[in-house]
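See below for the structure under consideration.
The values are calculated or read from the model by the stated rules, or taken from the named source; none is laboratory data. Just so it is clear, the structure is predicted and the values come from calculations on it, not from any experiment. Here the Cβ is made from the backbone with ideal geometry for all residues, glycine too, and neighbour counts use every protein chain on show. Areas reflect the complete protein model, heavy atoms only, side chains present, ligands, DNA and RNA absent. Shrake-Rupley method; radii C 1.70, N 1.55, O 1.52, S 1.80 Å.
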Amino acid sequence: MVGAYRSSPAPVQEHFYFVLKHAARDLERFVVPRVSRAAQAQADEDGIGALRHYHWLDQTGAMKDPERAIYHWEHVVPAADIVKALLALEAPTVAQIAEILKTAQIAWILKHEDRKLVPSNRPDPEAIYRAAGIELMP
């Protein structure tokens, strides 16, 4: 899809973009979540342990956040940014695509931390988080 995108008609490009964005979002299955220092402090207070062991589906039950009001499952590198990088490749190779896919990161942060973040176009996600005052633990 990445290689065929540029030469495809607009409706096919739209479909490719949709599929690639879904695939980029689904990369969350393959990464260990990072955790903001504040979110882990809240988790410690809530008695739920290390957040890096939880997935989005655990939030309403095991994480004791039934309304999803405390914690936020954050794509540190937005899926749209991953797709944008993929589609910017002029003659994509498997190695180039793999390097872009490896940039996927997820983090548990607090809802109030999420409101401080730029929604997308994060060329330097670490800098965005620092500017927002969010400390992601390794």
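The figures follow:
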{"item": "Whole-Å semi-axes of the range 62-138's equivalent ellipsoid (Cα gyration tensor)", "result": "28, 14, 11"}
{"item": "Spacing of the two label points (7 Å from each Cα toward its C-beta) at Ala131 and Gln96, in nm", "result": "2.7 nm"}
{"item": "For the chain, size of Cβ-based charge dipole, Lys and Arg +1, Asp and Glu -1, in debye", "result": "220 debye"}
{"item": "Theoretical ellipticity at 222 nm over the chain - DSSP helices of four or more residues, -39500 (n - 2.57) apiece, nearest 500", "result": "-11500 deg cm²/dmol"}
{"item": "GluC sites (Glu not before Pro) restricted to DSSP loop in the range 16-102 with at most 11 other C-beta within 10 Å", "result": "Glu67, Glu90"}
{"item": "Two-decimal Rg/Rh across the chain, once Rg and the Kirkwood Rh are taken from alpha-carbon atoms", "result": "1.03"}
{"item": "In the range 1-79, the trypsin sites (Lys or Arg not before Pro) that fall in loop regions by DSSP, at most 15 other Cβ within 10 Å", "result": "Arg6, Lys64, Arg68"}
{"item": "Sequence-distant residues sharing a close amide H with Tyr71 (under 5 Å, placed H)", "result": "Lys111"}
{"item": "Length-normalised contact order of the range 1-137 in % [C-alpha pairs under 8 Å, at least 6 apart]", "result": "33 percent"}
{"item": "Per-residue SASA entry for Phe16, accessible area with 1.4 Å probe, Å² rounded to 10", "result": "40 Å²"}
